[in-house]
Amino acid sequence: MYQFSYSEMLDDTPGEARALEHRALLRSIALLKSAEAAGLDAPETAEAIGFLLRLWAIFLEDLAAPSNGLAPPLRADLISIGLWLMKEAEEVRFGRSQNLRGLIEVSQSIADGLK
């Protein structure tokens, strides 16, 4: 089975790429909400945090690429948001934060911007 890389997927139309990013963010939000309901020590939380970290690693790699077509100020803002999300997710992972709600709300704001 052939798996496409994220950069290959972005070769599609910008609308298709935005839809893919939107779906991935919605999946992350759903996992975070499930984790919030299950509790910080639940397996759902580990799954949600792992998914968020992998997703934003992909996004940040793309945002940092010179070939990224977004305006530099927007790229910088998204990179800052992504780094915060990843840092906060790590804090939750290691029990130093309980801020799943903050992760959900920021992720939802980004997803709303992709509609």
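Annotations
- Long hydrophobic helices in the chain, taken as whole DSSP H segments with a C-alpha length of 27 Å or more on their own axis and mean Kyte-Doolittle hydropathy at least 0.5: 43-64.
- Top of ALA71, ALA30, ALA38 by mean-square fluctuation, Gaussian network on the chain, Cα under 10 Å: ALA71
- Of the listed residues ASP62, ASP41, ASP77, the order by accessible area with a 1.4 Å probe, largest first, is ASP41, ASP77, ASP62.
- Along the axis of the charge dipole computed for the chain (Cβ charges of +1 for Lys and Arg, -1 for Asp and Glu, origin at the Cα centre), the listed residues SER28, GLY95, PRO66 are led at the positive end by GLY95.
- Computed [θ] at 222 nm, deg cm²/dmol, the chain (DSSP H ≥ 4; -39,500 (n - 2.57); rounded to nearest 500): -26000 deg cm²/dmol
- Sequence of LYS87, LYS115, LYS33 from largest to smallest accessible area, 1.4 Å probe: LYS115, LYS87, LYS33
- Neighbour cut-off at most 15 other Cβ (10 Å), DSSP loop, chymotrypsin sites (Phe, Trp or Tyr not before Pro), the range 21-115: PHE94
- Solvent-accessible area of LEU31, all protein chains in place: 20 Å² (probe radius 1.4 Å, heavy atoms, ligands and nucleic acids excluded).
- The chain - charge dipole about Cα centre, Lys and Arg +1 at Cβ, Asp and Glu -1, debye rounded to 20: 200 debye
- Normalised by residue count, the chain yields a Cα convex hull volume of 108 Å³ per residue.
- Inter-site label distance for LYS115 and HIS22 at 7 Å from Cα along Cβ, in nm: 0.9 nm
- Solvent-accessible surface (1.4 Å probe) assigned to ARG93 amounts to roughly 120 Å².
- Heavy-atom accessible area order for VAL92, VAL106, largest first, 1.4 Å probe: VAL106, VAL92
- Cβ-based net charge around PHE59, under 14 Å, with every Lys or Arg adding one and every Asp or Glu removing one: +1
The values are calculated or read from the model by the stated rules, or taken from the named source; none is laboratory data. Predicted model, so just to flag it, every value in this text is computed and none were measured. Positions of Cβ are backbone-derived with ideal geometry, glycine not excepted, and every protein chain shown enters the neighbour counts. Heavy atoms of the whole protein, side chains included, go into the accessibility calculation; ligands, DNA and RNA do not. Shrake-Rupley method; radii C 1.70, N 1.55, O 1.52, S 1.80 Å.
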